[in-house]
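The values are calculated or read from the model by the stated rules, or taken from the named source; none is laboratory data. Because the structure is a prediction, the values reported are computed rather than measured. Neighbour counts are summed over all protein chains in view; Cβ atoms, including those assigned to glycine, are modelled from backbone coordinates with ideal geometry.
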Amino acid sequence: MNQLETLLEKHFSLSTFRKGQKEIIQDLLAGNDVLGVLPTGSGKSLCYQLPAKLLDGVVIVVSPLISLMIDQVKQLRANGFKEVVALNSFLDRSMKKKVLNNLQQYKLIYLSPEMLQNKFLIERLSRLHVSLFVVDEAHCISQWGHEFRPDYLKLASTIELLGHPTILALSATATPDVQQDIVKHLHAKKMIKHIYPMDRDNIAFAVEQFDHIDDKLNYLVDLLKNYPVPTMIYFSSRVWTEKAAEVLTSKLPHQRTAFYHGGMEQQDRILIQQQFMADQLDIVCCTSAFGMGIDKANIRLVVHFHLPTQLESFIQELGRAGRDGKSSVSLVLLAPNDDVLPKMLIDSELPDPSVIKPIIHHLQNQGQTVDNQVEVIMEHFNVNETQWRFLRYQLEKQGMIVDNQVITNVEKIEEVMKMIIDLIRRRKNYKQEKLDELLEWSVNKQCRRKGLFSSFQTTVGQPKYACCDVCDFRFTDWEPPIERKSEFSSLNWEEQLKQVMMQGD
């Protein structure tokens, strides 16, 4: 057995690597920066978890979601990897202090990009030997960094402060443009690329069109009655997640349904995720806040009730289906005006160009720290939190905000304002093009598999079960594995308790 396979067996009780894992790990151990693009469910996390066991020093993992960090830490500890921690808002003050005072005890430290802007934390981390800096879900640099989470664009300066450790960027969806964006913003020009096909041969694709949005719900009820399989249903509206969950709960009493969105309490969200992972829920009606990093093997059906804003998001989400290799389906439901909601989401991510100049003048005239003006700016100029984060990052980048202070004597203010306005227009045009690409795919009558992956790879593999509704797939022919729930598990908690009490008589 090869030495790496021996170490894999020793530390993770696995006898062989999956496609791409070994090649990526070999490059990392040789000290090379790596960009790894592997399909969903291919075991990307092993690409840094095994090196964490083998390298001297600490491995830092930048992860986008608290629930994802918690889940990965939980799995690692359950498998005997105890030298791992996630630093996030879920740690109480005393526990956080204890972790910070003992960082040298850990081999693997999970953090958000926002946490890495904490100067005290960076000072503590800089005392350690950081051997590997991992950006998990690295497409977030391109997908979220420009607007939603600009701290992703600051990771290169963090890497520099930590002494330029080896970099690993991982993603399941990255077009050549996104790959270039990742390399550019991590300042890693010599990054070795390991790019593997994203097409999953066990997932079939289908699109159904309706005259009215409510018809979608009726269709889902009928479909799930016939196919009671683990299902994720994606919505772009929090209101719709709750509405749909209520309808499905009423119409499908023997299928356990819940909703999940970013407006819920963090504890509630984590509970829903854990219940779904443990097969205690059958259907989750969710926004895009749910699912990243979900490694549940038996999801059979991923439904898009609403379309996301781009192909990358769509592929990420449908990729949660069928990670065990068994027959699964990605289903899109279309109705008139389905383009309205994603367009509204695109508009909400960036400030209106007309407010840029007034906001900058307001900041300069107040003479206060920037933090003290945020609430007034958001209320007075009708700017949401995401839009403000984008604007603040751009002003910091141009030297107009330094250490929370507005620099009033900056030259070329008009030029900076024009640059920001031009950037907003370019970004909106780019996002609209990405949306148009997905909309065109959804109504195109050519092979959906080929059309979906043409931006990412030159060919697609032979489907294992069926291809798509254009080629050969029909729900009437679908024979997914259906796991029978016991009568007991399908009861609600009150009914379960009653049954247990009766058994005791």
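Here is how the numbers come out for the structure above:
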| quantity | calculated |
| --- | --- |
| Odd one out for Asn365, checked against (1) outside the structural domain of Glu479 (by TED's automatic domain parsing); (2) crowded, with 19+ Cβ neighbours inside 10 Å | (2) |
| Single residue of region 145-157 satisfying the filter (modelled with pLDDT of 90 or more and surrounded by fewer than 20 Cβ atoms within 10 Å (Cβ to Cβ)) that is farthest from Val62 (Cα to Cα) | Ser157 |
| Some residue of region 102-113 being assigned to a helix (DSSP H, G or I), assigned by TED's automatic domain parsing to the domain that holds Gly41, aliphatic (A, V, I, L, M) and surrounded by fewer than 17 Cβ atoms within 10 Å (Cβ to Cβ) | yes |
| Selection within region 221-266 - in contact with a Ser or Thr (Cβ under 7 Å, 6 or more places away or on another chain) and surrounded by fewer than 17 Cβ atoms within 10 Å (Cβ to Cβ) | Thr249, His254, Gly262 |
| Options Leu91, Leu65: the member that is under 30 Å from Ile272 (Cα atoms) and within 21 Å of the chain's Cα centre (by Cα) | Leu65 |
| Residue under evaluation Val62, criteria (1) more than 26 Å from Phe290 (Cα to Cα); (2) modelled with pLDDT of 90 or more, criterion not met | (1) |
| Failed item, numbered, when Lys44 is tested on (1) surrounded by fewer than 21 Cβ atoms within 10 Å (Cβ to Cβ); (2) modelled with pLDDT under 90 | (1) |
| Enumeration of residues in region 16-74 that are in a helix (DSSP H, G or I) and either under 24 Å from Arg149 (Cα atoms) or small (Gly, Ala, Ser) (or both) | Tyr48, Ala52, Ile66, Ser67, Leu68, Met69, Ile70, Asp71, Gln72, Val73 |
| Any chance Lys10 is loosely packed, with under 13 Cβ neighbours inside 10 Å and either under 21 Å from Arg320 (Cα atoms) or not assigned by TED's automatic domain parsing to the domain that holds Ile315 (or both) | yes |
| Filter result (farther than 26 Å from Tyr110 by Cα, charged (D, E, K, R) and in contact with a strand residue (DSSP E or B) (Cβ under 6 Å, 6 or more places away or on another chain)) within region 272-323 | Arg300 |
| Region 276-289 - residue that is modelled with pLDDT of 85 or more, of a type in the set (A, V, I, L, M, F, W, C) and over 19 Å from Val221 (Cα atoms) and, of those, surrounded by the most Cβ atoms within 10 Å (Cβ to Cβ) | Phe276 |
| Members of region 256-272 that are without any contact (Cβ under 8 Å) to a residue 40 or more places away in the chain, not aromatic (Phe, Trp, Tyr) and not in a helix (DSSP H, G or I) | Thr257, Ala258, His261, Gly262, Gly263, Met264, Glu265 |
| Residue count for region 232-246, restricted to those that are touching a strand residue (DSSP E or B) at 6+ places or on another chain (Cβ under 9 Å), more than 26 Å from Asn88 (Cα to Cα) and either part of a helix (DSSP H, G or I) or not assigned by TED's automatic domain parsing to the domain that holds Gly319 (or both) | 7 |
| Scan of region 65-100 for residues that are of a type in the set (Asp, Glu) and either at positive phi or modelled with pLDDT of 85 or more (or both), ordered by number | Glu83 |
| Filtered residues of region 138-160 (kept if part of a loop (DSSP other than H, G, I, E, B) and under 12 Å from the mean Cα position of the chain (by Cα)) | Ala138, Trp144 |
| Pairs, first in contact (Cβ under 8 Å) with a residue 12 or more places away in the chain and under 12 Å from Gln49 (Cβ atoms) in region 4-21, second among the hydrophobic types (A, V, I, L, M, F, W, C) and in a loop (DSSP other than H, G, I, E, B), C-beta under 7 Å, six or more apart | Leu8/Leu14; Leu8/Phe17 |
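Per-residue answers, yes or no, for (1) out of contact with any Pro (no Cβ under 7 Å at 6 or more places or on another chain); (2) closer than 21 Å to Leu318 by Cα; (3) assigned by TED's automatic domain parsing to the domain that holds Leu153:
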{"position": "Ala30", "(1), (2), (3)": "yes, no, yes"}
{"position": "Asp56", "(1), (2), (3)": "yes, no, yes"}
{"position": "Val62", "(1), (2), (3)": "no, no, yes"}
{"position": "Ser67", "(1), (2), (3)": "yes, yes, yes"}
